[in-house]
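The values are calculated or read from the model by the stated rules, or taken from the named source; none is laboratory data. Being a predicted model, the structure only gives us computed values, none of them experimental. Methodologically, a virtual Cβ is constructed for each residue, glycine included, from the backbone with ideal geometry; neighbour enumeration extends over all protein chains shown. We work out accessible area using only protein heavy atoms, side chains counted, and drop any ligands, DNA or RNA first. Shrake-Rupley method; radii C 1.70, N 1.55, O 1.52, S 1.80 Å.
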Amino acid sequence: MTETNAPAFHGRDGTGMTSREDARDRAKLVRWGRRAIMLAFRLVYRLKINGLDNLKSAGPAPLIVLNHASFLDAPLAWALFGPDTSFAIDRLIAQDPKFAPLIKFARAFRVDPVYPVPVRGLLKALKSGKRAAIFPEGRLTVTGGMMKFYDGAAWLADQANAVVLPVRIDGLDRTGLTRLPEELMRRHRFPRATVTIGAPFKVDLPEHLSAVERRAAGTRQIGHALRDLAVEASEFDTSVNAALDKAAECHDPKHEIVEEDLFGRVTYAELIAQANRVSAGLSCNGNVAVMLPNSSSGIVGILGVMGASRAAVPLDPNEAPHRLRALCAAAEAGTVLTSRRMAEDVAALLGHELPVLFVEDLIAAEASAAKQHVIDPDTPAIILAASGGEAGTGVVLTHRNLVAACRQLSLALDLNRRDKMFAALPLHDPLGLVASILMPLLSGVKVYLHHWPRAGHIVSDYVYVANATAMIADETLLASIAERGAPGDLRTLRYLFAPEPVTVSTRRKLAETFGARVLGLLSLPEAGGVAAIGTMDRNRETSHGQRLPGLDMVATPDGLALRGPNMMAGYVTPSAPGRIVQRPEHGWHRTGLQARLDEEDFLWVGQNARTAEAVHALMQLG
């Protein structure tokens, strides 16, 4: 393997020395080539570039790190950052004749992930005051999400003491010039392309770390920066209903997105049409309390309420009646939306104080009456029961909060259209509604709706029948599955999430009998359902995982503090009904949870935090 720069033009005297005239011709060709490429991207893909000020503030010699989803990424980066930028190019791509014209005029260094010595050419360029660019993933994505990160970028940033400039390219993954099969990403002939240039930074590496530890720590920081930039580049100035319309357009309105135990499959188009009918049929004033089953009609009911610019207030039928009435009063719910099969439950819990509407009647309304409202993204969308505090306290999440929470969670995971999320938790649970239903719907991931939540011996069998690949459960459900499920029931699950703590016996039983690895998460209604989560490549047993992309997290002596686009608007309380109080101060929400972040950015909360701290102290002693 040799370091390969752009080949020199041969002079007219045949000596191989480039004459001034040839150099001028080459510079002119490069200049016109850059202009032609940028013009093509602007005309064909309506290219938009954000954050050019960050490029200027990064100085003359930043290390540019980019996500990699399309074969068009490299030509775009070369045209954008200039011919003096040195690029790391995969060896196989460099040998492909289709890319020869670009490589001929670029400062390209052929790199093999298993033989990264040519990266030293980039180091030389950085130290000489020139820009260098590298794709840390080392390959085009084959999942639609980010792949693993190689440590070459971290090594370069450390050795050159270079400023790192993260760059996000969006839209080109929907062209045909990718490694994504069409079943994962619906093709668009001319999708809109966006380049977002993030804030420059330097990797912070303590001196006591070994060389291997320095590369690992730097890689984590670069990975966090690229994932955070993906959140920054996302569009949250929209409603949940508009985001669902966009997802349908992206993944095909005829795509079957919901599957049920009893009632078959529902497409995007059918789901949206039914939700619009519910929205049109809500002529009442105030917010709407909803007590609905885990079914497509339940999803339609909640989407319909949100589409009518009202907040849905999911109610737990197992909660004490006085707490439900207090929550309805605090949220100023003027109507109850339910199904006929739950009418008796509503009457027993809430009496006849509020008028009742049946979702089946609204869905059956004339389609011509359906009309979707224009919704302010900062309008409250859902009011969830708070886990503590005064009885009836509700957590207010806006449309912006929910869209952001879904996007952040989807970026943390690598779920795609091949996956199927098994919705095992009820709609009043934020993990059931937001993480198990809304996130997949907005990401093109099929949802399997189970009508008997938390019934472990039934759930595991339905997971087997549905061929589900992901599920979010809780300790009660997992313990029931471990005790009463059959070996092989969870054979198709790639992801099994649960909020910690999960008992050691349950975890061991699931691993030994079902081959299932439980990944921890931190469930927090104030964060839109999930604040931190573990994944297959970023997990520590009994930890709550790592923070979501785009979510700032600080563990202080006073407790865990969070800030991000998914954080709630505030609370509503029975003492101040309808008025949002205790809004996050300067964007920060102080949870009061005792927590610890370890040196690898894993989160430990409550008893788990104390256990992790003790283990860390023992390791320091040993």
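From the square roots a ≥ b ≥ c of the eigenvalues of the alpha-carbon gyration tensor of the range 284-348, which class results: rounded (a/c under 1.5), prolate (a/b over b/c), or oblate?
Cα axes put the range 284-348 in the oblate bin.
Helix-only mean residue ellipticity at 222 nm, the chain, DSSP H runs n ≥ 4 weighted -39,500 (n - 2.57), per residue, nearest 500. What is it?
-10500 deg cm²/dmol
If packing is taken as the mean number of other Cβ atoms within 10 Å per residue, what is the order of 138-147, 472-481, highest first?
472-481, 138-147
What whole number of Å gives the distance from the Cα centroid of the range 82-106 to the Cα centroid of the range 440-493?
47
What lysines could a cross-link reach from Lys28, if we take a straight Cα to Cα line under 19 Å and drop same-chain neighbours fewer than 8 places away?
Lys104
Taking all protein chains as present, what is the carbon and sulfur share of the accessible area of the chain, in % to the nearest whole number, probe 1.4 Å?
Its accessible area is 52 percent carbon and sulfur atoms.
Cα gyration tensor of the range 41-175, axes a ≥ b ≥ c as square roots of the eigenvalues: rounded (a/c below 1.5), prolate (a/b > b/c) or oblate?
Taking the square roots of the gyration eigenvalues as a ≥ b ≥ c, the range 41-175 is rounded.
Output the peptides 293-300, 389-396 sorted from most to least packed, where packing is the average of other Cβ atoms within 10 Å over each peptide's residues.
Final packing ranking: 293-300, 389-396.
If you average the C-alpha positions of the range 207-246 and of the range 148-182 separately, how far apart do those two centres end up, in angstrom?
12
Tally the DSSP beta bridges in the chain and give the antiparallel ones as a percent, rounded to 5.
If we restrict to bridges inside the chain, about 45 percent are antiparallel.
May I ask you to derive the relative contact order of the range 43-123, considering only C-alpha pairs under 8 Å and at least 6 residues apart, and to give it as an integer percent?
With pairs under 8 Å counted, the relative contact order is 24 percent.
If the cut-off is a Cα-Cα distance under 16 Å, which aspartates and glutamates reach Lys98, setting aside same-chain residues fewer than 8 apart in sequence?
Asp73, Asp90
Largest first, what is the accessible-area ranking of Glu207, Glu541, Glu270 with a 1.4 Å probe?
Glu207, Glu541, Glu270
If you put +1 on each Lys and Arg Cβ and -1 on each Asp and Glu Cβ, how big is the dipole of the chain around its Cα centre, in Debye rounded to 20?
For the chain, the charge dipole is close to 2620 debye.
For Val530, which sequence-distant residues (separation of 5 or more, or a different chain) have an amide H within less than 5 Å of its own amide H, given hydrogens modelled in the peptide plane?
For Val530, the qualifying residues are Leu524.
Which order, highest average first, do 182-188, 374-380 follow once you tally other Cβ atoms within 10 Å for each residue and take the mean per peptide?
374-380, 182-188
Could you tell me which label, among (1) 48, 28, 22; (2) 61, 25, 20; (3) 37, 28, 23, carries the value of semi-axes √(5λ) of the Cα gyration tensor in Å calculated for this structure?
(1)
For the range 35-174, what is the relative contact order in percent, using Cα pairs closer than 8 Å and at least 6 residues apart in sequence?
About 36 percent, as a whole number.
Which order do Arg596, Arg179 take by accessible area at a 1.4 Å probe, largest first?
Accessible-area ranking of Arg596, Arg179, largest first: Arg179, Arg596.
Can you tell me what share of the DSSP beta bridges in the range 306-409 is antiparallel? A percent to the nearest 5 is fine.
55
So which lysines pass the test for Lys202, namely a Cα distance under 22 Å, with those fewer than 8 places away in the same chain ruled out?
Lys56, Lys124, Lys127, Lys130, Lys148
Report relative contact order for the chain in percent, whole number only (criteria: Cα-Cα under 8 Å, sequence separation at least 6).
10
What's the local net charge at Phe358, with K and R +1, D and E -1, over the other residues with C-beta under 12 Å away?
My count for the surroundings of Phe358 gives 0.
Leaving out ligands and nucleic acids, note down the accessible area per residue over the chain with a 1.4 angstrom probe, in whole Å².
Per residue, the chain has 44 Å² of solvent-accessible surface.
I'd like the orientation of helix 211-232 relative to the chain: the angle between its Cα long axis and the longest Cα principal axis, in ° from 0 to 90, rounded to 10.
With rounding to tens, the tilt is 60 degrees.
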